[in-house]
Each structure stands twice: as C-alpha cells, then as structure tokens.
Amino acid sequence: MQYEKLFSPIKMRGVAFPNRIMRTSMVSGLATEDGLVTDLLKERYRREAKGGAGSIVVEAAVILASRSSFNLRISDDSFIGGLKALVDAIREANPEPKVGLQIMHFLKISRSGWRQKVEDFKPEELPVIVEQHAKASRRAVAAGFDFIGLRRMDHLNWRYADVRAGDFRITLAEENDRVLGFSVLCIARGRAKERNAVDLVPDPQSSEHPLGAGESP
C-alpha cells in the first residue's frame, strides 16, 4: 500500500485523530443570510461524518459583525448555540472524527461598488483584527470544536494557483518562519479594476488564544 499510515491514528498539539483523512473546509451556502446554522447544514455534515474521515473542518465562519450572506458567522456570542448544535449533530452521526472550524476575515464591499483595499487599513486597526480572531477562537472552544484550521503557506498554493482566475500578487506577514497572515492583490483578467483580499490569523503560540491551531494531518 502506497500510503501505509493513511488509516492509522495521529496526535498533534494534544488532539488525537483516528486516521489521517481530513474533510477540508468547503463553503456550502446552506447557512442563513445572517450566518445561522440551518437543519440542511446539519444534515450535510451528518452525512459526511458517516464517511469515516478522521477530521472534519466545518466551513469558514466569519468573524466580522457585517453580514456575509449564506456564510456562517462567529462574530459574537449569539452564534455559539447554533454552532454547538452543529458539532453535536456531527458527533451524533459519528463520535470518532475530530471537528474543527475555519474562521474567516474579509474586506468590506458596499452596494455602491466600493471595495475596501488592504492599504485602506490603518496600523491601529490591525490589532483589532487579531483580537477578533482571538475572540472567535474562544467562541469555537465554547461551541465544542476540537481545533481551528489556520491557513498555512500551502493554502496559498492551491487557492491562487489557477491561472484562469487571474494574476495574483501575495504579500506575507511572517515571524520566525511562520506565516501570520497574508494579503492578496488580484488582477482579474478581462477586467479593468483590481481586487484585494486579506487573511490575518492570531498567533497560535500566544497564551491569549486557548485553542492551538490545528494543522492538516
């Protein structure tokens, strides 16, 4: 067998996974417009939990208070109950896989067509974004998630490697060879305007964050 350890357990940062198969984060669009968990979303994850993966990463939950239609949200404590119900539904279907959550920050877009750019941020705003991630991490703990999936360098490779999507310029924020965040400038082909996206993540080693960052098995 080529992958001899595929079905063997592995332990990382105190989390024991029954095997090395991961169901990665994929946005389903099954949340409500306000970012709440729905019965359809719970049913989707129940089915996937029965597949036998050692870990399931629930689709990205937005840490901002502004609406992101049909994306999950974790921007305040009112979302904890729904996310806990989702975790419970997964564990009812299959108690073995570890359940993680991907948390997400995005730039603002207005109906008038205005798009926030990375350079619009003021230096004093960046610690606020990091604290938003930290608070979202604490809420994930309260909801019962086993780990949080934080994006690594290899995440950039598959997300921005497709040449059909346009040309990308990526700027990394690093410390001691660890990627703490990144900004992306997309020059979309066939379009006159440029687009920006940004991801900032909290320091997984900091005592301010009660949940260690999960890494892909």
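The values are calculated or read from the model by the stated rules, or taken from the named source; none is laboratory data. Since this is a predicted model, take the numbers as computed values, not measurements. As a convention, Cβ positions derive from the backbone with ideal geometry for all residues, glycine included, and neighbour counts pool all protein chains shown.
List of remarks:
- Checked against the criterion of being assigned to a helix (DSSP H, G or I), within 21 Å of residue 133 (Cα to Cα) and without any contact (Cβ under 8 Å) to a residue 40 or more places away in the chain, the candidates 78, 68 yield just one match: 78.
- Of 44, 91, 23, all but one fail to be modelled with pLDDT under 95 and either within 18 Å of the chain's Cα centre (by Cα) or in the same structural domain as residue 141 (by TED's automatic domain parsing) (or both); the exception is 23.
- The set of residues from segment 86-119 being farther than 22 Å from residue 142 by Cβ, β-branched (Val, Ile, Thr) and touching a residue at least 12 places away in the same chain (Cβ under 8 Å) comprises just one member, 118.
- Pick from segment 115-128, criterion of a type outside the set (D, E, K, R) and either in contact with a Ser or Thr (Cβ under 8 Å, 6 or more places away or on another chain) or modelled with pLDDT under 80 (or both), ranking: nearest to residue 14 (Cα to Cα): 126
- Members of segment 1-20 found to be touching a Phe, Trp or Tyr at 6+ places or on another chain (Cβ under 8 Å), buried (at least 17 other Cβ atoms within 10 Å of the Cβ) and not basic (Lys, Arg), listed by number: 15, 19
- Exactly one residue out of 39, 77 is in contact with a Lys or Arg (Cβ under 8 Å, 6 or more places away or on another chain), more than 13 Å from residue 100 (Cβ to Cβ), exposed (fewer than 13 other Cβ atoms within 10 Å of the Cβ) and of a type outside the set (A, V, I, L, M), and it is 77.
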